[in-house]
1. Between residue 19 and residues 5 or more places away or on another chain, which pairs have amide H atoms under 5 Å apart, with H built 1.01 Å from N, and which residues are they?
2. For the range 2-81, what class follows from the C-alpha gyration tensor (a ≥ b ≥ c being the square roots of its eigenvalues): rounded when a/c is under 1.5, otherwise prolate if a/b is larger than b/c, else oblate?
3. For residue 71 and residue 49, calculate 0.36 nm times their separation in residues minus their Cα-Cα distance, and state this gained length in nm to one decimal.
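Every read-out reported here was derived from the displayed coordinates using simple, explicitly stated rules and does not represent laboratory data. Quick caveat, the model's predicted, so the values are computed rather than measured.
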Amino acid sequence: MVAAVSAHDGRYVRVGEVLAVVESPGGRFRLESPFDGVVHGVDLRPGAAIAPGAVFAVIGAPDLQRSIWGSLHRLAARLSPMAPRADRNAQLR
């Protein structure tokens, strides 16, 4: 389940930057950007379920046209575990 989302359309992100935080029975994980670029078409909301391998945004050049999104190579966001926290409602850091 999606716990928090920091990515939004038009935002420039760098490789490794946190796009969202997801919770699973195995813990909390950060979804990190696989490369530098501008975020387009974010389709992710806190509280939503997300399947492994789901595409929830496109990262590319600022002028990237929606018409070519389907032809882009899909590269998974990096997933990294978060340290356990006492406050499960803590904001993104």
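1. 31, 32, 33
2. prolate
3. Additional length available on full extension: 5.4 nm.
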